[in-house]
1. Report the gain in length on full extension from T24 to I38: 0.36 nm times residue separation, minus Cα-Cα distance, nm rounded to one decimal.
2. Compute the semi-axes of the equivalent ellipsoid of the chain, taking the square root of 5 times each eigenvalue of the Cα gyration tensor, and list them largest first in whole Å.
3. Taking the chain as the reference, fit the longest principal axis to its C-alpha atoms, fit the long axis of helix 63-77 to the helix C-alpha atoms, and give the angle between the two in degrees, 0 to 90, nearest 10.
4. What number, in percent, do you get for the relative contact order of the range 28-153 if the mean sequence gap of Cα pairs under 8 Å and at least 6 apart is divided by its residue count?
5. Between the range 12-38 and the range 101-148, what is the C-alpha centre distance in whole Å?
6. About its Cα centre, what dipole magnitude does the chain give when the only charges are +1 on Lys and Arg Cβ and -1 on Asp and Glu Cβ, stated in debye to the nearest 20?
7. Got a sec? Charge dipole of the chain, +1 on Cβ for Lys and Arg, -1 for Asp and Glu; which of L91, G60, L78 is way out at the positive end?
8. Counting other Cβ atoms within 10 Å of each Cβ, which trypsin sites (Lys or Arg not before Pro) in the range 60-163 have at most 12 and sit in a DSSP loop?
Amino acid sequence: MCWICDHPGATERDYTEHMRRLITAHGWAVQGVERDGIHPPWAYTVGLTAHRRPELVITGMGLTRATQVLNGVAAQLLHADEPEPGTQAALRDGPLVEIVRVAVPWAHLNLAVELYGNQIRGLQLVHADKRGNWPWDGRYQGVRGGQPILGRREPPERRKRAG
């Protein structure tokens, strides 16, 4: 259920203030977007921009799991170099992901734009299915609605596996 639904009488401004408090307390927050008919759920971080890091996005993954994955990667990102687009990595307690630069982050990360402006950056954590197939593979089996990719995949010569 959404925060505003759980807080009758609350406004979007109240929600934004709630998110600001989470960002202040934890360094970032995760904004989830529920499934909408045929469109799959997705989630993104808000607050990494203040740490001079790109915001992170996951599409086509349930919100509880997406929040866990984003929180884990965000915690690492604050203390490590930014992953390069094209990097593939098996996340600890998570899926195999490939980093894709979000082509137009201001079109997708509304709350981050509201708090930090149009100059935000975004990296998508594109995840393989349980069989290791990617959304660009014909055999990919993700959630209903698929896994929208918000940027271009790096060419083969720029792809690499993280150690």
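1. Between T24 and I38, full extension yields 1.6 nm more.
2. Numbers: eigenvalues 135, 71, 38 Å².
Taking √(5λ) for each Cα gyration eigenvalue gives 26, 19, 14 Å.
3. That works out to roughly 80 degrees.
4. Values: 238 pairs, mean separation 33.4, N = 126.
Result for the range 28-153 is 27 percent.
5. Taking the Cα centre of each part, the range 12-38 and the range 101-148 sit 17 Å apart.
6. 500 debye
7. Towards the positive end, the residue furthest out is L91.
8. Values: sites: R65, R92, R101, R121, K130, R131, R139, R144, R152, R153, R158, R159, K160, R161; in loops: R92, R121, K130, R131, R139, R144, R152, R153, R159.
Answer in residue order: R92, K130, R131, R139, R144, R152.
Throughout, read-outs are computed from the coordinates displayed, never taken from laboratory work. Quick caveat, the model's predicted, so the values are computed rather than measured. Every residue, glycine as well, gets a Cβ built from its backbone with ideal geometry; the counts of neighbours run over all protein chains shown.
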